[in-house]
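Each remark here refers to the structure printed beneath this line.
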Amino acid sequence: MGRGSALTPAGAPAGAPGDGRALPLDRDPRRIAAMFGGIAPRYDLMNRLMTGGRDGHWRRSAAREVAPTPGDRLLDACCGTGDLSFTLAEECPGCEVVGLDFAEAMLARARGKAAARQRRGRHVPTFVRGDLLDLPFADREFAAVTAGWGVRNVPDIARAFAEMKRVTRPGGRVVCLESTQAPDGAGRHFHRVWMGHVVPLLGRVVTGDATAYAYLPASVEAFPRAEELAAIMAAAGLTRVRYRRFGVGAVAIHVGEVPADVAPGATR
Ligand SMILES: C[S@@+](CC[C@H](N)C(=O)[O-])C[C@H]1O[C@@H](n2cnc3c(N)ncnc32)[C@H](O)[C@@H]1O
């Protein structure tokens, strides 16, 4: 499998932008896992550089949307190198946090960071390998599920939310932290220039991989807009769906709740 070639080959069928089903990028799981595996050693550094260090604040805001209470079991899907999982564990030291990802190299870094924190006496998550689209957990196993910059990479967004809802107990929350298209205006223009020109250049210099950080802006452009994503979450059966924007409006945290009276697997 070639490292980082996740852009659609010329002539591949393009989905309707924003329909949340057929997307105009190749999100073949093996390609996506290989791409993240390739950038794993510099992934955290790139996050700090790309966001001016704001990513930690956005993760903390997402973790607070979970509103966990001690004893809760929390799942962080698409955990990557674990930063949102660690933030959840810090926000709720009495919670059990499980981070899940399908890229072994990202998980290896998460486990390395966990071991270092544990030596300093910190409460740490456990990390498991798995696919967001086929979560290896029973129905209603978690009090809440988060995904930070993960849903944008899957070929079936509706299924991702259906899986997150399935493993969340009634009354629990599903929280999605994602890059999104900024609303029209100066912020959108700035973000397009930043993502379209500065980030790919930074990515090439820092990681040596031009493709992965060209995939990033392309995947944001192909991703449903914030209001469309909210509709996809509602269609998956989540209720009280709402979202907040951050930065220049190009980062959004969506929150939905699993209705108290819903049977596992039901979409309504
Ligand atoms: C942009 S990183 C986000 C990592 C982390 N959540 C963070 O806050 O930095 C996306 C991660 O999603 C993972 N991923 C993408 N699709 C996945 C899937 N279907 N199942 C599990 N992990 C997936 C990738 O391997 C990668 O580690």
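Nothing in this text is a laboratory measurement; each read-out follows from the coordinates by a stated rule. Just so it is clear, the structure is predicted and the values come from calculations on it, not from any experiment. Don't worry about glycine lacking a Cβ; one is built from the backbone with ideal geometry, like all the others, and counts go over all protein chains shown.
If amide hydrogens are placed 1.01 Å from N in the peptide plane, which non-local residues have theirs closer than 5 Å to the one on Val167?
Close amide H contacts, sequence-distant or interchain: Arg140.
What does the charge add up to near Asn47, with Lys and Arg as +1, Asp and Glu as -1, over the other residues with Cβ less than 13 Å from its Cβ?
Taking every Cβ under 13 Å from that of Asn47, the sum is +2.
Choose one answer from Gly82, Gly249, Gly148: the residue with the largest mean-square fluctuation in a GNM of the chain with alpha-carbon springs under 10 Å.
Among Gly82, Gly249, Gly148, the largest mean-square fluctuation in the Gaussian network model of the chain belongs to Gly249.
Using Cα pairs closer than 8 Å and at least 6 residues apart in sequence, work out the relative contact order for segment 29-257, in percent.
20 percent
For the chain, give me every cysteine whose Cβ has no other Cys Cβ within less than 4.7 Å, ordered by residue number.
Unpaired cysteines in the chain: Cys78, Cys79, Cys176.
I need the shape label for segment 29-257. Rule: rounded when a/c is under 1.5, else prolate if a/b > b/c, else oblate, with a, b, c from the alpha carbon gyration tensor.
oblate
Report, in deg cm²/dmol and to the nearest 500, the calculated mean residue ellipticity at 222 nm for the chain, where each DSSP H run with n ≥ 4 adds -39500 (n - 2.57) and the sum is divided by the residue count.
-12500 deg cm²/dmol, from helical runs alone.
When a/c is below 1.5 the answer is rounded, else prolate if a/b is larger than b/c, else oblate, so apply that to segment 126-205 with a ≥ b ≥ c taken from the square roots of the Cα gyration tensor eigenvalues.
prolate
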